[in-house]
Structure formats: C-alpha cells, structure tokens
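Since the structure comes first, as structure tokens, the remarks are kept for the end.
The values are calculated or read from the model by the stated rules, or taken from the named source; none is laboratory data. Only a predicted model underlies this, so the values are computations on that prediction, with no experimental measurement involved. When we count neighbours, we look across all protein chains shown, and the Cβ atoms used for this are built from the backbone with ideal geometry, even at glycine.
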Amino acid sequence: MKIVNLFTLFLLHYIHLLNICDFNDINVKSIPVLYSCQGYKSGHTFPCHCDTGMTNINKEGESTGPKTIVFNQCYLGRRNGAYHGSNPVHIKSNDGEMGLAVYSIKHGICGGEDRECFCTCFNQKAVEGDAGFRTSISIHDLHSNENDLSGGLVTDCLGLCGPHCLQGGGDITKVRYASILIHDVCQSFIRSMDPMPNMNACSDEGWSALPAAFLSLFTNGLCPVSTKKHSRK
C-alpha cells in the first residue's frame, strides 16, 4: 500500500471521529435482558447494552443449555469475556451453540455515553457459507411499523473479508475473524456493502477490524470488493 493511501486512511478515520451520529430513539434502560440466543432464529436482532459478553449473557446457574458465543469489540464487552479482534470464530453447531454479534451505530464502538448497541444472533451456517443471512431488522426499521420491517442486507460467510463468500472461494477451512464478523453483521443492519474506508454508521467497527483484515490477507487471500453481480437484497 502506498504511503499516500495510508495517509488517506488515517485522515478519513480522524474526520470520522469528529462526525458524531445521534440516534436518540433507543432507550437502553428499557432494553430487556436476554441471556442467550437459544430458541431464536439466526439473524434475530434487538437493542442491547454494549457491555454484553460471555459472562453476563451466560450467567452461571441461569443457563444450563448450550452457550451463546459473544463477539464484541467494545472494551466493556471484552472485559466480560467477549471474543474480539483477531480471535478466530468457532461455533459448535453440533452442540447447539449460537453466536451473538454486538455492534453500535452511534459514535464509537461502545455506543456513545449511553452505551447503546445492537445484538444479532447467528448460527454456524452463516459463518461457513451461503445461508442467506441477514439481520431481522435494519436501521431503516427503527421508526417503521412493526408490520413493515425491511430487514438487513443479505451477507454470508461472516468473518471473511469482503462481501459474501468471495474471499478464498468461501472455503470453510478459511479462518473467520471476530472483528470482521462484527463489521459484516453491522453492515447488514445498515444495509450497506461499502468497502473500507468509508464514513457510514459501521465504519468504527470497520476501523477496529483493520488488523484482522490485514491478517486475513495472509491466511485467506486477497480481500474482494463489492460488485453489483454479488449484491443481494
């Protein structure tokens, strides 16, 4: 990568930090507690606190069934045991495990001062291949009637760099990374396939996934960009 491109990346990141998004319609204090994704379909999406992690969603004595594996870039979730960064994604579907991605559409990966995030459940099929994964609601649904929800944009092979299963041909042996997965799910929620760098509501998640994206170049091959051919509603 040329030096000028690196300078552009850091400049765009700095400008984005000054661009604070405001979503005042979500009240975290009224968000119901959900201890696991068990019993919910892959793609089920709901408001949650940005401190969501393994220890507070799989509370000892409250869940004796399969675990929900939490992926969260926010330090609040990481200190609660959430997987993050370059952690490989492993969901034991044979054991009934589900995954949970935590992300913010506000300023910063920790949801601003109110710590408002969204959580999305997913299964191993969404990680491994072409499963038609999408979030059950999207950013456009926040003010919509309950009977008129559009849902997120379809994205598959969660955790691979680029759209869908293009990187490495979607080989299930290729490594999926936690921070890339979080960005993939967030992009589905805002119905975007914009490659990084960009200035959308998930760009903080994208910037935080940059180290994993570089690592993915070495382990999985070149990171493809979105094309109309592979864009799906």
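Worth a mention:
- Matching residues in the stretch 200-227 - criterion: being aliphatic (A, V, I, L, M) and either surrounded by fewer than 16 Cβ atoms within 10 Å (Cβ to Cβ) or at pLDDT below 90 (or both): Leu217, Leu222, Val225
- Any hit, the stretch 167-174, residues being over 22 Å from Ile109 (Cα atoms), crowded, with 22+ Cβ neighbours inside 10 Å, touching a helix residue (DSSP H, G or I) at 6+ places or on another chain (Cβ under 9 Å) and not aromatic (Phe, Trp, Tyr): yes
- Which listed residue is out of contact with any helix residue (DSSP H, G or I) (no Cβ under 9 Å at 6 or more places or on another chain), farther than 20 Å from Asp194 by Cβ and modelled with pLDDT under 90, from Asp148, Asp141, Asp95: Asp95
- Among the residues making up the stretch 105-142, those that are outside any loop (DSSP other than H, G, I, E, B) and under 14 Å from Asp204 (Cβ atoms) are Gly112, Glu116, Cys117, Phe118.
Here is a yes/no grid of residues against (1) out of contact with any Lys or Arg (no Cβ under 8 Å at 6 or more places or on another chain); (2) surrounded by 24 or more Cβ atoms within 10 Å (Cβ to Cβ):
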{"site": "Leu100", "(1), (2)": "yes, yes"}
{"site": "Ile105", "(1), (2)": "yes, no"}
{"site": "Cys110", "(1), (2)": "yes, no"}
{"site": "Lys125", "(1), (2)": "yes, no"}
{"site": "His164", "(1), (2)": "no, no"}
{"site": "Ser179", "(1), (2)": "yes, yes"}
{"site": "Cys186", "(1), (2)": "yes, yes"}
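- Qualifying residue in the stretch 190-199 (condition: part of a helix (DSSP H, G or I), surrounded by fewer than 18 Cβ atoms within 10 Å (Cβ to Cβ) and more than 16 Å from the chain's Cα centre (by Cα)): no
- Residue check, Asn80 at pLDDT 90 or above, outside any strand (DSSP E or B) and either polar (S, T, N, Q) or crowded, with 22+ Cβ neighbours inside 10 Å (or both): yes
- So Lys29, is it surrounded by fewer than 22 Cβ atoms within 10 Å (Cβ to Cβ), modelled with pLDDT of 85 or more, charged (D, E, K, R) and not in a strand (DSSP E or B): no
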